[in-house]
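The values are calculated or read from the model by the stated rules, or taken from the named source; none is laboratory data. Here the structure is a predicted model, which is why all the values come from computation and not from measurement. Note that each Cβ is placed from the backbone with ideal geometry, even for glycine, and that neighbours are counted across all protein chains shown. Heavy atoms of the whole protein, side chains included, go into the accessibility calculation; ligands, DNA and RNA do not. Shrake-Rupley method; radii C 1.70, N 1.55, O 1.52, S 1.80 Å.
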Amino acid sequence: MEVAVYNIKGEDTGRKIVLNDQVFGLDLNEGNANHTVYLDVKQYLGNQRQGTHKSKERSEVSGSTRKLGRQKGGGGARRGDINSPLLRGGGTVFGPRPRDYRTKMNKKMKSLARKIALTSRVNDGKIIVIENFTFEAPKTKSYMALAKAFKLEDSKVLLVMNGVDRNVLLSVRNVPNALMMQAVDLNTYALLNNDAIVMTEDSVAVINEF
């Protein structure tokens, strides 16, 4: 598969770059492609969670254990002490406890999910390949000029580069709907959680080897 290469002004350079069909040209109707992507995204999001949520249960609430009323005849629930979940300020019934949300997924499935995501984005026309570039100085205005050249100033954009370019990173990081990543760090969630993906030629060379 070949796609056009643009410059940062949004102009077609007349050159094309080859995208590896083993990465960008999978058959999405084969196997459980959607389920594979689902599992990878679920694992990624779960691994981001701290799992430190906690609420106090009845035995952990500070309060007297004196029984407030008699067992029968009061016309209400047999609620016992002031720590009862039935009363304001009482404990929580089956409240959240700290837990680990991390799960495991084998490398082959993660790699397949990433390739499926790349194939899907290419099929939807969401991937733009541009020449390798850098900015003379870290300026948000420089990135916004690039985004406007492709009419992406109001879109959520993932900028993929081969390495960490400090000027580009500092130019992108203050833009709420833009994210810069290295090609080697790409994951399924990042590829799908955007409106467009802008890749440099060098990054495509790395991705072709996935």
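With unit charges on the beta carbon (Lys/Arg positive, Asp/Glu negative), name the residue among MET161, LEU45, GLY90 whose Cα is farthest towards the positive pole of the charge dipole of the chain.
Looking along the dipole axis, the top candidate is GLY90.
Considering all alpha-carbon pairs of the chain, what whole percent are spaced by more than 32 angstrom?
Working: 8916 of 21945 pairs.
Result: 41 percent of Cα pairs exceed 32 Å.
Over the chain, with a Gaussian network built from C-alpha contacts below 10 Å, which listed residue (THR119, THR13, THR200) shows the highest mean-square fluctuation?
THR13
Taking amide H positions as placed in the peptide plane 1.01 Å from N, state which residues far from VAL157 in sequence (5 or more) or on other chains have amide H under 5 Å from it.
The answer is ALA178, LEU179, ASP195.
Could you go through segment 180-197 in sequence order and give the Karplus-derived ³J(HN,Hα) for each residue, using 6.51 cos²θ - 1.76 cosθ + 1.60 with θ = phi - 60°, rounded to whole Hz, and x for Gly and Pro?
10, 9, 7, 4, 5, 9, 4, 9, 4, 4, 4, 5, 8, 8, 7, 9, 7, 10
Just the Kirkwood number for segment 1-119, please: inverse of mean 1/r across all distinct Cα pairs, in Å, one decimal. Kindly include the intermediate steps, with their values, before the conclusion.
On the way: mean 1/r = 0.0495 Å⁻¹.
About 20.2 Å for segment 1-119.
Sequence-distant or interchain residues sharing an amide H contact under 5 Å with THR200, placed H: which?
ILE130, VAL160
For segment 43-82, what is the charge dipole size about the Cα centre, in debye to the nearest 20, if Lys and Arg each add +1 at the Cβ and Asp and Glu each add -1 at the Cβ?
Working: 10 positive and 3 negative charges, 59 e Å.
Using Cβ point charges on Lys, Arg, Asp and Glu, segment 43-82 gives about 280 debye.
Please state the equivalent ellipsoid semi-axes for segment 78-159: what are the square roots of 5 times the Cα gyration tensor eigenvalues, largest first, in whole Å? Each step should come with its number before you reach the end.
Values: eigenvalues 515, 109, 35 Å².
Whole-Å semi-axes of the equivalent ellipsoid: 51, 23, 13.
Percent relative contact order of the chain, based on C-alpha pairs within less than 8 angstrom and at least six residues apart?
Working: 330 pairs, mean separation 52.4, N = 210.
Relative contact order for the chain comes out at 25 percent.
Per residue of the chain, what 222 nm ellipticity follows from adding -39500 (n - 2.57) for every DSSP H run with n ≥ 4, rounded to the nearest 500?
Details: 7 runs with 66 residues, N = 210.
Per the formula, -9000 deg cm²/dmol.
What is the antiparallel percent of DSSP beta bridges lying wholly in segment 73-201, to the nearest 5? Numbers along the way, then the final one.
Numbers: 0 of 13 bridges.
Here the share of antiparallel DSSP bridges comes out near 0 percent.
Which percent of the accessible heavy-atom area of the chain goes to carbon and sulfur, probe 1.4 angstrom? Spell out each step's value before the answer.
Numbers: 6270 of 13210 Å².
Answer for the chain: carbon and sulfur cover 47 percent of the accessible area.
Considering amide H positions built from the backbone, and no H for Pro or chain starts, which residues 5 or more places from ASP165, or on another chain, come under 5 Å of its amide H?
Under 5 Å from the amide H of ASP165: no residue qualifies.
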